[in-house]
Amino acid sequence: MKSQPKSLIELSNYVDFGVRLAFKGRPILLKVLEHFGERVKLNFAFYSNHPDNPEFITGSRAVIAASFQGKLWEFDNLLRSQKESFTEDLVIRLAEELGLDKEKFIEDFHSDRVDARLKKDAEKASTLGLTISPALTINGHIYRGALDEDALIEAIEGSIVMPVGKAVEDFIHWGASAAFALLSAAVLALLFVN
């Protein structure tokens with residue numbers, strides 16, 4: 001059995017189905033994924049500045065439910081091509097078009113499992129400090145650059161060759177007390193070694 005190569009970079013795409021203008025970024029993201037191949041792992045996450053937006057709720061729940069039947073990408077692509085509002089009737093019709101088990105899709109769409117996933121994604125977005133949606137993270141760091149192919153490739157390549165730089169950046173953002181504690185531990189370690 002051939003093992004999968006370990007991804008060097010984890011890219012998380014925080015999707016907001018309530019912001020249709022953001023759909024225009026998908027072709028850029030696909031080109032970037034093609035550029036890196038198996039070196040980049042893409043995760044879908046769901047986050048909105050307006051979590052009560054019906055299109056965000058319906059779109060997110062539907063894509064998650066479709067993912068339980070192995071059709072995340074296919075459903076996501078089909079949903080993004082729609083011009084009408086995202087309603088439960090629409091997403092059920094789309095699920096049928098994709099050949100999904102309709103009853104399982106409806107059950108999953110309303111399930112606690114989907115609620116838990118949305119809650120987990122919202123908590124992660126809050127922990128990261130996301131303030132806009134949609135958003136991207138590279139190895140758990142918010143990507144704040146332009147959403148164009150070259151800029152995103154450069155940021156990902158920087159994550160591959162500069163992991164120490166990211167650690168230094170994180171260290172700087174820790175509070176002074178954490179920095180003091182780490183410095184003290186390093187001094188004590190040097191004293192014990194010598």
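Numbers for the structure displayed
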read-out: Any hit, the stretch 14-21, residues being among the hydroxyl-bearing types (Ser, Thr, Tyr), within 29 Å of residue 105 (Cα to Cα) and open to solvent by less than 20 Å² (accessible area, probe 1.4 Å); value: yes
read-out: Answer from 74, 38 - the residue that is out of contact with any Cys (no Cβ under 9 Å at 6 or more places or on another chain) and modelled with pLDDT of 90 or more; value: 74
read-out: Matching helices (runs of 4 or more DSSP H) fully within the stretch 46-125 where at least 3 residues are open to solvent by less than 10 Å² (accessible area, probe 1.4 Å), farther than 22 Å from residue 30 by Cα and not acidic (Asp, Glu); value: 88-97
read-out: Count of residues meeting criterion [closer than 15 Å to residue 41 by Cα, outside any helix (DSSP H, G or I), of a type outside the set (Ser, Thr, Tyr) and open to solvent by less than 50 Å² (accessible area, probe 1.4 Å)] in the stretch 126-158; value: 4
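The values are calculated or read from the model by the stated rules, or taken from the named source; none is laboratory data. Keep in mind that this is a model prediction, so the values were computed, not measured. Using ideal geometry, Cβ is built from the backbone for each residue, glycine included, and neighbour counts are taken over all protein chains shown. These accessible areas exclude ligands, DNA and RNA; they are computed on the full protein's heavy atoms, side chains included. Shrake-Rupley method; radii C 1.70, N 1.55, O 1.52, S 1.80 Å.
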